Every structure is written in structure tokens, then in C-alpha cells.
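Throughout, read-outs are computed from the coordinates displayed, never taken from laboratory work. Because the structure is predicted, anything quoted here is derived from the model rather than measured. Positions of Cβ are generated from backbone atoms using ideal geometry, with glycine treated the same way; all protein chains shown enter the neighbour counts.
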Amino acid sequence: MILEAIDWTIIGIFFVIVLSIGWIASKTAGKDTSEYFLGGRGMPWWLLGISMVACTFSADTPNLVTGMVRENGVAKNWAWWAFLITGMVTVFIYARLWRRSNVMTDLEFYELRYGGKLASFLRGFRAIYLGIFFNCLIMGTVTLAAIKIGGVMLGLPPWVVVVGASIVVVIYAALGGIKGVIWADFFQYGIAMFGAVYAAYVAISQPEIGSLTALLEHEKVKASLDVIPDFGNPSVYIPLLIIPVAVQWWSVWYPGAEPGGGGYIAQRMLSAKDEKNAIGATLLFNFAHYALRPWPWIIVALASMIIYPDLDSIKAEFPNIAEEYLKDDIAYPVMLSKLGSGWLGLVVASIIAAYMSTIGTHLNWGSSYFVNDFYRRFINQKSSEKELVNMGRITTVVLMVFAGTLSLTILDNATQAFNILLLSGAGSGAIYLLRWFWWRINALTEIVAMIVATVVAFLLVLGIEDEEMATAVLDGFTVKLLITVAVVTVSWILTALLTKPEDKEVLRKFYKVCHPGGPGWKRVIEEAKAEGLDIEGSEKGKAWEMPLQILLVFLGCAAIYSSLFSIGNFVYGNIYPGLGLGAVAIVSTFLLFGNLKKLRMN
């Protein structure tokens, strides 16, 4: 496609605005690490919530959703819709706890919750493993999507896309720190959403389709429309719905949907003004992420099934696409090639915005791990704040180089990367939920879970083909996921029960800071009382709020799932079901905020 003068002007204005945001934010970002990585811990809920959702609105997400819909229908999206349960648990149970901890990163939490050399090892190792290797895998996946989009829409070679897409985001992320990233996210999210909606409009306006009604009534699309899998076929509903809802949400660690919160979501919660703003930010994020965004992408994916029914039809029209990139997920950028001139610049800018919002967050998040949890903790404990900020900026550049190299040399499929991420975190999720509420979990528990998950995943991925693991009901990858969850879960539970717990002073300090409450800390509290120590403080005598929090989780899930499927029914032309689900969403939301007032917050 050819970008005309108006298109280049729009893209140029977009770049100028983003760079200006980074430059303005840089005036305060260099003050100290709290400003650079947490925005001075003074960010409002609405800004943080939009930033969270902008980060997860990455260039690879539409590709991922398109691949899922083309391969297994709309119901395949339960692979990520199920993580809403994780999100609601984070909102109403863990957001307050993270804000109370007052740590700079979620990895610093390890030396608050645990003690000794194992806690130090865990913090340092995961700073490198997550902040560099795992983080670069995520950024490499996002950059892979940019490569595919740039190649299909503009005919650019991969290296040109990587270099061009990286320069601006590295500049504003390195200059402005988290504050620059968050304000850029706020600007970029509106552009990205507009681009997604307009792309859906263009898709259904194609001559092969003509209208939304014609799309939904087309024979090639009808079989893929169900949002709930066919309950008459266990081989469909068990892997697509039952496993994600019953197992995946609590057992699997996945970036942006970590059980108990973590990663850049924890970073945003730690940046909030107070507990109330931390809860508000994560609630807004989950609503926008799950209820508002999916349908434009789904519409484009369904339209692609008519215009490009198979990969051969894509190859016929785009013969220069490299074979390693020719997967179902490339159908999304292929559909964007239908855009006419004039609007093309705005939609290209929206894609760039989606890319940069994700990369900017991951660059700052990854550099915060390296600087705070590795460099300052283990390399130079006497480093000045200025030196640490400069190290953060250098790390930002290095991480982008690593991610770009990975996208050019190894990755070729968004779904492939999604599966790798799921399997490598399988089984460890329950630890992140329970470590706040069960004193018996120690640092060795997490280390064992991490080692066992890595070994099992390595053996299953490299040693056995998915087809060999498949059963009459479950596909091979789902079987691998369940095996990993079972083995890892048993391993860490046995470790927690059979090894020495953390020192009582470490446990008491953690409780005094975070006040998690509940029966899981009863023994620690009673032993402290017997020694004449009060570790409950201002929380002494107050009722444990977990029953109320569980009710809020249920109401939050009801409100957002009802909103998601209400919108879906309106898209499908099912007016009365859409109105009914909309009413459920309104009632659930009313009850949610009514009960939220009862929750104690600072």
C-alpha cells in the first residue's frame, strides 16, 4: 500500500506528540527511581487504568484473536476471557495488599515476604529471568506482529520495521520513565481503539460481504459465531471453556493476568496514590480489557474467513510473505490492506500506538527489575539515584535490542508464543494467590515450583509432539498444560509442608506491613501475642473482609461478562438477549459499587 502525503502527516504528528510527552515527563522522571519507575507514587486511578489496558492492547493482540477465531471460532477466546476471574481477584483482594507493601517492584516483595539467601536468590534470579529473558520474549512477540503488519501493509522488510518501530518508543520510554509511558498510553489508547473500530467497519464494507448482517449469515462464518462452545461435544467445550475457567485462571502465570497481580499490573498498583486508586485502576482496566475491546477484532477475523478462507488465498494475493510468517494470525494485517488512502495514515498510527504502548510499558517494567532488583541489590548497593536512573535508561535501550533480535530470528507465530508463555507458567499461579494468606509458604516453595515447571515444560515441549498427547476429548497442548499444573502444584505443596518455614521475625514484619488477615496467619499472630507483641496494629479486632471480597469478585465477573456478551448479542443482531444481559450488567454494577463502599480502604 502507498502512504500519501496526508497519511505521512498524520503519522508525523503522532510521533511529535508522543516524543513531546516523553520530553515533558523527563523533567521530573530523572529525579530519583521512585519518579522514574513509579511516577512518585501519586498517579490517579483513571490514568493508571487506561495505561494498563493500553499496554495489553498490543500490536500482536488483534493477530492473536484473529488466529483463534479462524482456527476454533469465537469461543476460543475463552483462553484469555477466563483470565477475567484472575483480574477480579486482583482488584478486590490483592490491589490493597500490593499498595500497602510499599515495595518498588513486585520482586522486591520476595525479601519482604521471605528471608535469607533463598529470598535474595529468588529476587535476583527472577529479575534477570523475567525482566530480561521472559520480558524480551513478550516484546519479541509484539514486534513480530509489527513485522507482519509492516510487511503486508507497506511492503517493508522485517529489519526496517524493527528499527523504525523501536526508535521512537525507546526515546520516550527512556526519557520520561513510567510517567512518560503512562501519559503516552493515555493518548495512544484512544487512537488504537478508533483504528480497531474503523478496521472492523472497513472489513464488513468489502464487496464480498457488504454488511454486518451479510457477514453473520454467511455459510463460512455461521459455525464460528458461538461464544459458548457446543456442550454436546466434550472435545470442544472441555478444552475451550471448562479448562480455562476451572483450572487456567488460578494455576497459570501469564503477563498482565498474573494470579494475585504482578509484573506491570503490580507496578501500576504501586504507582497509585492510595489503596482506593489502586482498586479503581485495576477495575477500570478489567472492564475495558474484557468488555469493550474484543468485538472489533472478532468482526475483522470473521470477515477474513470469507475474503481469505485459507492460507493459500492469502499467499496468492501476497506472494512476498515469507513462509515462516504465513499463519492464520497474519489475516488481521492482511485485512488492514483493504483500507483506502486518507484513513490509512490514522489506522497505521493506531497500530503504531498499540505497539508502542505495550513496548513502552515492558521496557520500563523490565528495566525496573534489572535496576532495582539486580543492579542496586547485588551489584552496587551504594549507587546514587542519578546513577540508577541512568542505568534504567541504558537498560531500556538494551532490552529493545534483545527483543528486536528475537523477533527477527526465532519467533514466527503469535499463537505459538501465547502457548509457550502459558506452559512455562503453569502450576505456579496458586502460590501467588496463597503466599499472602498462608504463613507456611516459603522461598524454597517458589524456587521448587519454578524449577519443576521449567523441567516439565522442557520435556513436554521438546520431547513429545502435541499429537502424541492428544486424547478423544483434549488436544495435546491442553493435556500438557494439565500435566504441568498437576506436577508443579503437588511439588510446591509438598515443599511447603515438608521444609522449614520462614523465620518468625520475617513473618511478623510482613504481617505488620500488609495485614492480610485470615486463618492462614492465626498461628503467627497467636505466637506473637504469647510473647507480648502486637502485630495486628490498627487492624486488631476488625472482621476479616474475605467474604465481602469474594462477593465483590463474583459481582465484578457478572458485570463484565454480562457486558461482554451483551455487546456481542447486539453485534449479532440479538436485541432482546442483548438487552437482558445489559440489564444483568447494570444490576451487578449497582450491587458491586454498593458493596464496595463497605470495604475498608486508605
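Length gained on full extension, GLU539 to GLU219: 109.1 nm, using 0.36 nm per residue less the C-alpha separation. Answer with one residue from LEU144, GLY30, LEU482: the one whose Cα lies farthest towards the positive end of the charge dipole of the chain, charges on Cβ with Lys, Arg +1 and Asp, Glu -1. Looking along the dipole axis, the top candidate is GLY30.
The Stokes-Einstein estimate for the range 425-502, based on a Kirkwood radius over Cα pairs and taken at 37 °C with 0.692 mPa s viscosity, is a diffusion coefficient of 249 µm²/s. Projecting the Cα atoms of ILE50, PRO239, VAL252 onto the dipole axis of the chain, where Lys and Arg carry +1 and Asp and Glu carry -1 at the beta carbon, places ILE50 farthest toward the positive end.
For the peptides 301-314, 570-583, the ranking by packing is 301-314, 570-583, with the highest mean count of neighbouring Cβ atoms within 10 Å listed first.
Placing a label point 7 Å from the Cα of GLU531 along the Cα-to-Cβ direction, the residues of the range 102-120 whose backbone N falls under 15 Å from that point are 115. Once the C-beta distance of ARG100 and ALA316 is scaled by a Förster radius of 56 Å, the resulting FRET efficiency is 0.45 to the nearest 0.05. Here's the picture: charge each Lys and Arg Cβ at +1 and each Asp and Glu Cβ at -1 in the chain, and of TRP438, ALA266, ILE299 the one pushed furthest to the positive end of that dipole is TRP438. Each Lys or Arg adds one and each Asp or Glu takes one away; over the other residues whose Cβ falls under 13 Å from the Cβ of VAL347, this sums to 0. Over 18 Å apart at the Cα level, from the set LYS509/LYS598; LYS31/LYS386; LYS148/LYS338; LYS542/LYS597, are LYS509/LYS598. Potential lengthening of the chain between GLU387 and ARG523 amounts to 44.6 nm, from the contour at 0.36 nm per residue minus the alpha-carbon distance.
How do the peptides 540-549, 161-170 rank, highest first, by the average count of neighbouring beta carbon atoms within 10 Å per residue?
161-170, 540-549
Gain on full extension, evaluated as 0.36 nm per residue between SER211 and ILE17 minus their Cα-Cα distance, stands at 66.3 nm. From helices alone, the chain scores -21500 deg cm²/dmol at 222 nm; the rule is -39500 (n - 2.57) for each run of n ≥ 4 DSSP H residues, then divide by the residue total. Where does helix 546-572 land angle-wise versus the long Cα axis of the chain, in degrees 0 to 90, nearest 10? The helix 546-572 is inclined about 0 degrees to the chain.
When peptides 77-90, 586-599 are sorted by average Cβ neighbour count within 10 Å, with the highest value leading, the order is 77-90, 586-599.
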